[in-house]
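Worksheet: the structure to be examined is printed underneath.
The values are calculated or read from the model by the stated rules, or taken from the named source; none is laboratory data. The structure presented is a predicted model; accordingly, all values stated were derived computationally and were not measured. Here Cβ is always computed from backbone atoms with ideal geometry, including for glycine, and neighbour counts include all displayed protein chains.
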Amino acid sequence: MTLYAFLGALEQGFLYGIMALGVYLTFRILDFPDLTVDGSLPLGASVCAVTVTSGHSPYLALTLATLAGFLAGAATAILNTKLKILHLLASILTMISLYSINIRIMDGPNVALLGAPSILTDLEKTGLPLHVLSPLCFFVVATSVMAVLIWFLHTEFGQAMLATGDNRHMITALGVNTDNVIIIGVGLSNALVACSGALIAQNQGAADVNMGVGTIVAGLASVILGETICGAPTIARTCAAVLAGSLVYRIAIALALSFKLGDFALTPSDLNLITAFLVILALTSPMLKRRLAR
Amino acid sequence: MICVQNINKYFHRGSVNEVHGIRDLSIDIEQGDFITIIGSNGAGKSTFLSCLAGTHAVNSGTIGVHGTDVTHWPEYKRARLIGRVFQDPLKGTCANGTIAQNMALALKRGKPRGLGRGVKVTDLDLFRRRLQVLGLGLESRLRDRVGLLSGGQRQALTMVMATLVRPDLLLLDEHTAALDPKTAAQMLELTRTIVTDNGLTTLMVTHNMHQALNLGNRLIMMHQGRIILDARADEKSSLTVEALLHKFHTQGEGDISDRMLLNTSRPMHA
């Protein structure tokens, strides 16, 4: 793997790391398997692309995308808590609805953003080459998001959210309306995913309705890889682990794609298989470690 | 203080499995009452507590607290008034949180939760003082995960959490039933201390007739969703296990559970 490819993998790791933090919030904190993310990632990208192409600032685009993601997550959570639809099914319903909605927003299956301003445009004046500037910038963004998430989970409301995922009986008996907590929690999760989608669209210069396929799997892979490699003793450590997991995942994929054996080479269409293999490896490695230790 | 009027609770209403859990039940609970509730399996003891807590919505009747009608308040809203300890020791605490985090959650019972720090350093002293009463050494383990504690320790912690903010009503649903006899006896002593020291209005469901007779100032016997005996002060202190069994045989048409019979033998540590 070249240095250029490595920096690219880091950049992807940080960008998708924001998404992985969102998946961590639902999957681990709220114990809410949420497939909405496959729709809210392109939702963030669509909203961002349309806002930028209509001449508004990329920062405004990012904000609107994040808000749209929150609404998508809240929709899933309302289907689940108020209309009593199973969480998994509720999230699938929102996900497929978002496919249509995203095409409506973009007035087509994709929007090109080549040459359009991004959040990197102002920073390019520093003179740093783009392949260095871009991972650096997204490192700052991703770690800031992580810091805010860690702070949030230590607030009174954040602690109530942790308790909602852990023991709903207990926290209801302590006066918390768990429906509201779940709506806000799943909303925040998808806000992060949409924010990630918007940044990805700005970074790759296009938004596409199909860019969200497999988001949940990549998110889970990052969460599980991170927890397995770094451990998860505290909230702060776990959040850092998720971000690290996202980096490891992207680097592993970059390595796999540069793999060649004679005439045989892995192609991007093998990504899903590689992901599944990585997740299985991460899930079983604690067990294998214990077997070997005996 | 708490006025329950003609409440009815059905399960699976309208189906062949319909159960009439609570039948036209009415009771006035006075400020400072410590009421023990006994009855055979399926008598409606736990259902009654769940109706008070709001876990079950009643099908008819009203529940008033201090003159406020709370019949249609959801469970989380009633938590402002009510502290609870469940039968299952795992139900009352968060396994993944630390002792301090659990106490901090309980300190906010019924209050809005904002973006202030979850565990405030200034509250730690209060937590330590409250946990000291237990004599279990938990006050020096504030940073330990609750999942590391035994069932008895978790139940004791739940008891402290339920009363950390003074509840208008404390509901204890067979809170010693899942503990070993020695721990159960300690838990009972702790209950007596906390309830009488603070003069808490309390409802305690138990399967143990000795517990029911030894604790509290009022005893209620339930059968098939009704109250069939309500003994206060003097009448309660003159009650005996034999008298209660007799009552069961006459009123309860003789169907008392094996568990009830086993519990009539004098417990080792009571």
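Filtering the stretch B:34-60 to residues that are away from chain A (no Cβ under 14 Å), under 30 Å from B:His246 (Cβ atoms), not β-branched (Val, Ile, Thr) and not in a loop (DSSP other than H, G, I, E, B) leaves B:Phe34, B:Gly39, B:Lys45, B:Phe48, B:Cys51.
Residues in the stretch A:157-167 that are more than 7 Å from every other protein chain (Cβ to nearest Cβ) and more than 20 Å from B:Val165 (Cβ to Cβ): A:Met161, A:Gly165.
In this entry, A:Ala232 passes the filter for residues that are closer than 19 Å to A:Val145 by Cα and either free of Cβ contacts under 8 Å to residues at least 12 places away in the same chain or over 14 Å from the mean Cα position of the chain (by Cα) (or both).
Given the condition hydroxyl-bearing (Ser, Thr, Tyr), in contact with a Ser or Thr (Cβ under 6 Å, 6 or more places away or on another chain) and modelled with pLDDT of 90 or more, answer yes or no: does some residue in the stretch A:237-246 qualify?
At the first step, the residues of the stretch A:237-246 found to be hydroxyl-bearing (Ser, Thr, Tyr) are A:238, A:246.
Filter once more, so that each one left must be in contact with a Ser or Thr (Cβ under 6 Å, 6 or more places away or on another chain): A:246.
Retained after the next criterion (residues that are modelled with pLDDT of 90 or more): A:246.
Yes; the residues of the stretch A:237-246 include at least one that is hydroxyl-bearing (Ser, Thr, Tyr), in contact with a Ser or Thr (Cβ under 6 Å, 6 or more places away or on another chain) and modelled with pLDDT of 90 or more.
Condition check ((1) more than 7 Å from chain A (Cβ to nearest Cβ); (2) modelled with pLDDT under 95) across all residues:
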site: B:Pro89; (1), (2): yes, yes
site: B:Thr93; (1), (2): no, no
site: B:Ala100; (1), (2): yes, no
site: B:Ala104; (1), (2): no, no
site: B:Leu107; (1), (2): yes, no
site: B:Gly110; (1), (2): no, yes
site: B:Lys120; (1), (2): yes, no
site: B:Asp123; (1), (2): yes, no
site: B:Phe127; (1), (2): yes, no
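When B:Ile63 is tested against (1) surrounded by fewer than 22 Cβ atoms within 10 Å (Cβ to Cβ); (2) out of contact with any Gly (no Cβ under 8 Å at 6 or more places or on another chain); (3) among the hydrophobic types (A, V, I, L, M, F, W, C); (4) part of a loop (DSSP other than H, G, I, E, B), only condition (4) is not met.
State the number of residues belonging to the stretch A:50-65 that are loosely packed, with under 13 Cβ neighbours inside 10 Å and in contact with a Ser or Thr (Cβ under 9 Å, 6 or more places away or on another chain). Number of matching residues: 1.
Has the stretch A:266-274 got at least one residue that is at pLDDT below 95, in a helix (DSSP H, G or I), over 20 Å from the mean Cα position of the chain (by Cα) and surrounded by fewer than 22 Cβ atoms within 10 Å (Cβ to Cβ)?
Narrowing the stretch A:266-274 to residues at pLDDT below 95: A:266-274.
Keeping just the survivors that are in a helix (DSSP H, G or I) gives A:268-274.
Now drop any that are not over 20 Å from the mean Cα position of the chain (by Cα), which leaves A:269-270.
Cutting the leftovers down to surrounded by fewer than 22 Cβ atoms within 10 Å (Cβ to Cβ) gives us A:269-270.
Scanning the stretch A:266-274 turns up at least one residue that is at pLDDT below 95, in a helix (DSSP H, G or I), over 20 Å from the mean Cα position of the chain (by Cα) and surrounded by fewer than 22 Cβ atoms within 10 Å (Cβ to Cβ).
Put simply, of A:Val213, A:Val181, A:Val209 the only residue that is in contact with a helix residue (DSSP H, G or I) (Cβ under 7 Å, 6 or more places away or on another chain) and within 14 Å of chain B (Cβ to nearest Cβ) is A:Val181. So which residues in the stretch B:73-85 are touching a residue at least 40 places away in the same chain (Cβ under 8 Å) and more than 7 Å from every other protein chain (Cβ to nearest Cβ)? Answer for the stretch B:73-85, where residues must be touching a residue at least 40 places away in the same chain (Cβ under 8 Å) and more than 7 Å from every other protein chain (Cβ to nearest Cβ): B:Leu81, B:Ile82, B:Gly83, B:Val85. Within the stretch A:148-192, being among the acidic types (Asp, Glu) and under 15 Å from B:Ala95 (Cα atoms) holds for one residue alone: A:Asp166.
Of all the numbered requirements in (1) in contact with a Leu (Cβ under 9 Å, 6 or more places away or on another chain); (2) touching a residue at least 60 places away in the same chain (Cβ under 8 Å); (3) within 13 Å of another protein chain (Cβ to nearest Cβ), B:Val133 misses one, and that requirement is (3).
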